[in-house]
1. By the scheme Lys and Arg +1, Asp and Glu -1, what is the net charge of all other residues having a beta-carbon under 12 Å from that of ALA165?
2. For the range 78-197, give the percent of accessible area contributed by carbon and sulfur heavy atoms, probe 1.4 Å, rounded to a whole number.
3. Rolling a 1.4 angstrom probe over the protein chains, ignoring ligands and nucleic acids, what is the accessible area of HIS188 in square angstrom, nearest 10?
4. With θ set to phi - 60°, apply the Karplus curve 6.51 cos²θ - 1.76 cosθ + 1.60 along the range 121-135 and write out the HN-Hα couplings as whole Hz, x wherever there is a Gly or Pro.
5. Name the long-range amide H neighbours of SER93: under 5 Å, sequence gap of 5 or more, or other chain; modelled H, no Pro or chain starts.
6. Considering only Cα-Cα distances, which of the following residue pairs are longer than 29 Å: LYS128/LYS196; LYS98/LYS141; LYS79/LYS139?
7. For the range 184-190, what does the Karplus curve 6.51 cos²θ - 1.76 cosθ + 1.60, with θ = phi - 60°, yield as ³J(HN,Hα) per residue in whole Hz, taken in order and with x for Gly and Pro?
8. Please list 3J(HN,Hα) in residue order for the range 138-143, calculated via the Karplus relation 6.51 cos²θ - 1.76 cosθ + 1.60 where θ = phi - 60°; whole Hz, with x for glycine and proline.
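The values are calculated or read from the model by the stated rules, or taken from the named source; none is laboratory data. This one's a predicted model, so the numbers in the text were calculated from it and none came from an experiment. Here the Cβ is made from the backbone with ideal geometry for all residues, glycine too, and neighbour counts use every protein chain on show. These area figures cover heavy atoms from the full protein model, side chains too; ligands, DNA and RNA do not enter into them. Shrake-Rupley method; radii C 1.70, N 1.55, O 1.52, S 1.80 Å.
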Amino acid sequence: MAFHSDNVHLDEDGYTQLDFRSRGTLRTLVNSKKGSCAGCRTIAVISGILCLILLTVTAVLGAMGTLSISRSCPSDWLKHRKSCYLFTDTQESWYVSKRKCSLWNSSLLKIDNADELEFIDEKVDLQKTKSFWIGLSRKDKEAPWLWEDGSGISPELIDVKPTPAPQNASHNCVWIHQSIFYDQLCSHVSYFICEKRLVM
Ligand code: CA
């Protein structure tokens with residue numbers, strides 16, 4: 001490899017730029033000159049790695065919903081026990097409802113116990129003309145009803161009443177209307193209930 005001294009240049013930062021030419025192939029390497037900035041680059045690399053790790057952890061926690069937990073309910077949300085609830089004024093399909101709850105750092109409603117069911121019944125009964133999507137769905141009509149976290153329903157708590165489905169269609173999503181749970185076509189638009197967990 002031939003080294004050409006006329007290819008040695010100092011840039012504005014005091015770095016040395018060396019051009020190496022070997023058998024017609026040009027390779028340019030930039031190396032740090034001796035001095036304090038050799039350490040600067042090491043620090044920059046370590047900082048970059050730490051930032052990358054932090055971003056990854058944040059993304060993972062966000063995906064797990066951990067960061068959606070807060071200590072107080074946003075305005076327009078109702079607080080009950082350890083959750084905040086939003087009864088929407090707009091109507092969407094089940095899938096869009098799910099996505100919107102997620103955008104608001106929450107999930108479609110999951111009814112965990114009799115106390116929560118009583119609270120929800122009380123609220124939906126005040127809006128007798130409205131149906132509300134909840135976070136209950138199934139893959140097909142033979143599959144079990146599952147909450148958004150993958151858990152099944154308690155039969156003593158939730159009874160989903162079947163409604164007539166069009167031919168070749170399956171009602172795989174659930175809404176609540178006047179305290180009764182009905183299966184419905186997921187593409188129907190309806191009001192929906194989002195739930196956000198609180199740190200107590
Ligand atoms: Ca719940």
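1. Values: positive: LYS141; negative: ASP140, ASP183.
Its environment carries a net charge of -1.
2. On the way: 3220 of 6480 Å².
Roughly 50 percent, rounded to a whole number.
3. Its accessible surface works out to 80 Å², give or take rounding.
4. Karplus-based 3J(HN,Hα) across the range 121-135 equals 4, 4, 6, 6, 5, 6, 10, 5, 8, 9, 10, 10, 4, 10, x Hz.
5. SER190
6. On the way: LYS128/LYS196 24 Å; LYS98/LYS141 20 Å; LYS79/LYS139 31 Å.
Listed pairs above 29 Å: LYS79/LYS139.
7. Result, ordered by residue: 8, 5, 4, 7, 4, 9, 7 Hz.
8. Here the 3J(HN,Hα) series is 9, 6, 7, 5, 8, 7 Hz.
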